[in-house]
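Reading through the structure tokens given below for one structure.
The values are calculated or read from the model by the stated rules, or taken from the named source; none is laboratory data. As the structure is a prediction and not an experimental result, all values here were calculated from the model. Cβ coordinates were reconstructed from backbone atoms using ideal geometry, including for glycine residues, and neighbour counts include every protein chain displayed. SASA here: full protein model, heavy atoms, side chains in, ligands and nucleic acids out. Shrake-Rupley method; radii C 1.70, N 1.55, O 1.52, S 1.80 Å.
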Amino acid sequence: MPALRSTRIALLIYGLFVICLLYLPLISVGFASISRARYISFPIRRYSTQWYGEALQSGTVRDLLVTSLSVAVIVTICSVIIAFFGALAFARYEWRYRTVFQKLILLPIFFPQTVLGLALLMWFNALGIIPTWKTAVVAHLVWITPIATLIVAIRAYGFDSALEEAARDLGASTRTILREITLPLLMPGLVTAGLFAFLLSWGNFPLSLFTTGADSTLPEWLYAKMVSGYSPLVPTLGIMSVVASIFLIIISFAVIWLVQKSKALTQV
Amino acid sequence: MTSEPLLRLQGVMKRYGDFTALHNIDLDIQEGEFFTIVGPSGSGKSTMIRLIVGMDEVTDGSIWLRGKRIDETPANLRPTCMVFQSLALFPHMSVGQNIEFPLKLRKIAHNQRRARALELLELLRLPPNCYAKRISQCSGGEQQRVALARALAFDPEILLFDEPLSSLDYRLRKTLEKELKDLHHRTGKTFVYITHSLEEAMVMSDRIAIMHNGRFEQIAVADEIYSRPVSRFVAEFMGEVNLFDVEYRDSVLTSSDLTIRPNNAAKADPADGKGQLMVRPEDVRFGKDTNDFDYVLFGQLMDEYILGSRIQYEVRTAAGKLVTVEKPREDRTQYEIGSEVILGFKATNTHFIPAD
């Protein structure tokens with residue numbers, strides 16, 4: 001049944017409203033990043049790209065990026081590996097404490113991140129570990145791995161367990177089943193989980209604030225600059241970070257697409 | 001049945017916690033046989049083939065293949081193969097890759113694998129261009145054939161089927177039943193087939209086993225099971241049936257449900273006791289005279305159902321029992337619904353089922 005004309009117009013207006021709400025703040029930050037002024041002020045009188053040039057040359061910015069990137073990459077790799085096995089336990093196998101596990105693994109997500117960060121900091125202190133970006137990796141993992149596990153588990157739920165049984169029946173060993181059946185079928189879930197893990201780690205502030213010690217990630221630095229001594233580099237770095245994230249998403253989709261295409265070709 | 005069986009189950013038992021899925025099963029299956037196990041859901045038939053292929057472990061008893069004990073061999077090392085109810089085709093592989101999967105595991109060269117896969121496509125009457133198709137691009141019937149081809153590529157000693165046709169529509173199912181029977185002839189393999197559809201079992205099988213509550217009720221050829229069921233369960237499971245409570249006393253049959261003409265009262269049934277007299281609806285006739293029959297019933301015609309080539313009647317007897325009568329369409333009776341009728345049947349068409 002086609003929708004009424006008035007319904008269609010209402011839906012269109014609602015859709016535009018939501019899009020504005022989501023993207024206007026981002027656009028205003030974008031404008032701020034190309035303002036020449038030292039302070040955020042509207043309307044912008046003179047435009048300039050000088051802060052982008054400075055950001056690219058700044059040693060501080062490079063250190064921030066290296067730290068943030070190291071944390072995010074390690075968190076991504078570790079959380080995806082843990083999530084793969086966690087999701088199998090979560091969704092695929094019947095075992096005694098499965099329901100308990102399913103609830104426990106969700107708990108860290110519901111913990112306020114600031115509280116979680118403080119708790120972890122206290123633990124590190126109690127254990128005599130000096131917080132650096134490496135302890136932040138652990139902190140991020142505590143919060144991000146459950147999310148990655150859930151993402152992979154959703155994929156694992158749609159998985160017919162007869163496929164693994166059929167492979168075994170046809171002569172495959174446990175390792176072969178993992179390599180030929182389980183891993184390829186869960187791959188889309190693993191890529192999505194990796195993407196989420198990276199972006200959540202890259203943009204995380206509350207956990208990093210407590211657990212990086214003397215090191216600083218990009219969100220931490222942005223916050224520090226907002227609180228004490230605003231720098232026009234703030235919107236510039238913010239925009240650069242968003243653009244980099246968008247690139248990452250595009251690249252990962254391109255990789256998935258290429259892999260599927262090459263598979264289709266080898267089959268012919 | 002003098003030769004050594006291909007497959008032998010000896011006292012096989014399977015328990016899940018307190019629930020016993022299979023009780024002390026003994027079974028011999030001969031080489032080249034098409035053996036079908038029929039039973040309602042939960043009767044233990046799926047459990048049994050899962051034990052044979054090694055998806056589940058027996059609680060007690062042993063399974064032998066060509067005189068070698070296999071129940072402790074892991075599933076991937078047993079020379080058995082199963083076609084799953086869901087078919088379990090690998091969705092991330094093409095048709096060709098699916099069929100070649102067992103060959104690839106045996107490290108057979110690529111071109112040989114391909115040749116074998118194309119051979120199997122032909123055997124199953126699939127066009128060669130199917131080879132490169134994705135599983136999702138295949139129709140239901142094609143997927144069935146691909147699953148069969150993959151199982152045949154494995155070249156098992158015994159091929160097991162877990163209701164693979166149950167999700168298909170009627171016409172396609174009929175076609176595939178015949179193809180499966182034909183395939184059985186051409187390959188000479190031993191097939192063990194599970195279904196809850198009696199019709200499917202009758203079309204294809206050499207022998208049929210009726211399973212109920214984790215036990216075999218009867219194992220025999222289709223006709224034997226149909227005309228001489230050993231129990232009420234089998235009789236009712238094998239299609240429409242009329243059952244009358246009867247009793248043999250000193251080899252004389254008595255019944256409150258039936259009028260029994262004196263000369264036919266005695267039959268050569270061995271034991272005295274209570275039981276049920278079975279007659280299939282197609283053996284019950286309408287008559288004008290009680291002399292036409294050995295057993296007679298008086299009743300009122302309640303309803304008429306047209307079932308394509310056959311017509312079914314429902315008659316309520318004086319004793320209040322509903323009796324089903326079936327006739328070919330061209331023999332449609334002239335009686336009006338609601339009229340009084342005389343029904344009867346011959347002693348040779350009856351079968352006595354002793355009470356348990």
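Tell me which of these residue B:139 doesn't satisfy, since it passes every other one: (1) open to solvent by 50 Å² or more (accessible area, probe 1.4 Å); (2) closer than 14 Å to residue A:170 by Cβ.
Only one criterion is unmet by residue B:139, namely (2).
Yes/no matrix, rows are residues, columns are (1) open to solvent by less than 40 Å² (accessible area, probe 1.4 Å); (2) under 30 Å from residue B:217 (Cα atoms); (3) free of Cβ contacts under 8 Å to residues at least 24 places away in the same chain:
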| position | (1), (2), (3) |
| --- | --- |
| B:330 | no, no, yes |
| B:335 | no, no, no |
| B:340 | no, no, no |
| B:351 | yes, yes, no |
| B:356 | no, yes, no |
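Can you report the number of residues in region B:276-293 which are over 17 Å from residue B:335 (Cβ atoms) and assigned to a loop (DSSP other than H, G, I, E, B)?
Of the residues in that region, 1 qualify.
So in region B:230-264, with the set limited to residues that are over 16 Å from the mean Cα position of the chain (by Cα) and hydroxyl-bearing (Ser, Thr, Tyr), which one is most open to solvent (accessible area, probe 1.4 Å)?
B:256
If you go through region B:218-242, how many residues are over 20 Å from residue B:204 (Cα atoms) and not small (Gly, Ala, Ser)?
Of the residues in region B:218-242, 7 are over 20 Å from residue B:204 (Cα atoms) and not small (Gly, Ala, Ser).
Mind checking which residues of region B:203-222 are among the small types (Gly, Ala, Ser) and in a strand (DSSP E or B)?
Across region B:203-222, the qualifying residues are B:209, B:220.
Of the residues B:163, B:157, only one is on the phi > 0 side of the Ramachandran plot, touching a residue at least 40 places away in the same chain (Cβ under 8 Å) and of a type outside the set (A, V, I, L, M); which?
Answer to the selection: B:163.
Condition test on residue B:72, is it part of a helix (DSSP H, G or I) and either more than 9 Å from chain A (Cβ to nearest Cβ) or more than 23 Å from residue A:183 (Cα to Cα) (or both)?
no
Is there any pair with a first residue in region B:316-328 that is more than 12 Å from residue B:283 (Cα to Cα) and a second that is of a type in the set (Lys, Arg) whose Cβ atoms are under 9 Å apart and which are 6 or more apart or on different chains, and what are they?
B:322/B:316
Quick check on my filter: what residues within region B:51-69 are outside any strand (DSSP E or B), open to solvent by 70 Å² or more (accessible area, probe 1.4 Å) and more than 14 Å from every other protein chain (Cβ to nearest Cβ)?
Across region B:51-69, the qualifying residue is only B:66.
Mind listing whichever residues of region B:172-202 are in a helix (DSSP H, G or I) and closer than 20 Å to residue B:239 by Cα?
B:173, B:174, B:177, B:198, B:199, B:200, B:201, B:202
Quick one: would you say residue A:55 is part of a helix (DSSP H, G or I), at pLDDT 85 or above and either acidic (Asp, Glu) or more than 18 Å from the chain's Cα centre (by Cα) (or both)?
Against the criterion (part of a helix (DSSP H, G or I), at pLDDT 85 or above and either acidic (Asp, Glu) or more than 18 Å from the chain's Cα centre (by Cα) (or both)), residue A:55 does not qualify.
Evaluate the following for residue A:81: is it open to solvent by 30 Å² or more (accessible area, probe 1.4 Å), touching a residue at least 24 places away in the same chain (Cβ under 8 Å), not aromatic (Phe, Trp, Tyr) and not in a loop (DSSP other than H, G, I, E, B)?
Spelling it out, it is not the case that residue A:81 is open to solvent by 30 Å² or more (accessible area, probe 1.4 Å), touching a residue at least 24 places away in the same chain (Cβ under 8 Å), not aromatic (Phe, Trp, Tyr) and not in a loop (DSSP other than H, G, I, E, B).
Cβ-Cβ below 9 Å, separation at least six or inter-chain, first residue in region A:144-156 and open to solvent by 20 Å² or more (accessible area, probe 1.4 Å), second among the aromatic types (Phe, Trp, Tyr) and modelled with pLDDT under 95: which pairs?
So the pair list comes out as A:147/A:196; A:150/A:90; A:151/A:196.
Residues that are over 22 Å from residue A:86 (Cα atoms), more than 10 Å from chain B (Cβ to nearest Cβ) and under 15 Å from the mean Cα position of the chain (by Cα): list the helices (runs of 4 or more DSSP H) wholly contained in region A:151-219 that include at least 3 such residues.
A:206-211
Say whether the condition of being open to solvent by less than 70 Å² (accessible area, probe 1.4 Å), among the polar types (S, T, N, Q) and under 22 Å from the mean Cα position of the chain (by Cα) is met by at least one residue in region B:32-45.
Scanning region B:32-45, I find at least one residue that is open to solvent by less than 70 Å² (accessible area, probe 1.4 Å), among the polar types (S, T, N, Q) and under 22 Å from the mean Cα position of the chain (by Cα), so the answer is yes.
Only residues in region A:120-143 that are more than 19 Å from residue A:108 (Cα to Cα) count as the first member; pair them with residues that are open to solvent by less than 30 Å² (accessible area, probe 1.4 Å), Cβ under 7 angstrom, at least 6 apart or cross-chain, and list the lot.
Listed pairs, sorted by first residue: A:129/A:135; A:131/A:124; A:131/A:211; A:131/A:212; A:132/A:212; A:133/A:67; A:133/A:71; A:133/A:212.
Among the residues of region A:223-240, write down those that are crowded, with 20+ Cβ neighbours inside 10 Å and not in a loop (DSSP other than H, G, I, E, B).
Of everything in region A:223-240, those that are crowded, with 20+ Cβ neighbours inside 10 Å and not in a loop (DSSP other than H, G, I, E, B) turn out to be A:233, A:234, A:235, A:236, A:237, A:239.
Which of the residues spanning region B:70-115 are under 13 Å from residue B:156 (Cβ atoms), surrounded by fewer than 18 Cβ atoms within 10 Å (Cβ to Cβ) and touching a residue at least 60 places away in the same chain (Cβ under 8 Å)?
Scanning region B:70-115 gives a single hit, B:79.
Give the residues of region B:178-213 that are under 13 Å from the mean Cα position of the chain (by Cα), closer than 24 Å to residue B:50 by Cβ and surrounded by fewer than 21 Cβ atoms within 10 Å (Cβ to Cβ), sorted by residue number.
Once the filter is applied, which keeps residues that are under 13 Å from the mean Cα position of the chain (by Cα), closer than 24 Å to residue B:50 by Cβ and surrounded by fewer than 21 Cβ atoms within 10 Å (Cβ to Cβ), region B:178-213 yields B:196, B:197, B:198, B:206, B:207, B:212.
For the structure I just gave you, tell me whether residue B:299 is over 18 Å from residue B:239 (Cβ atoms), assigned to a loop (DSSP other than H, G, I, E, B) and in contact (Cβ under 8 Å) with a residue 12 or more places away in the chain.
no
So, of the residues in region B:301-316 that are of a type outside the set (D, E, K, R) and surrounded by fewer than 15 Cβ atoms within 10 Å (Cβ to Cβ), which turns out to be nearest to residue B:255 (Cα to Cα)?
B:302
For residue B:272, work out the one condition from (1) at pLDDT below 90; (2) surrounded by 14 or more Cβ atoms within 10 Å (Cβ to Cβ) it doesn't fulfil.
(2)
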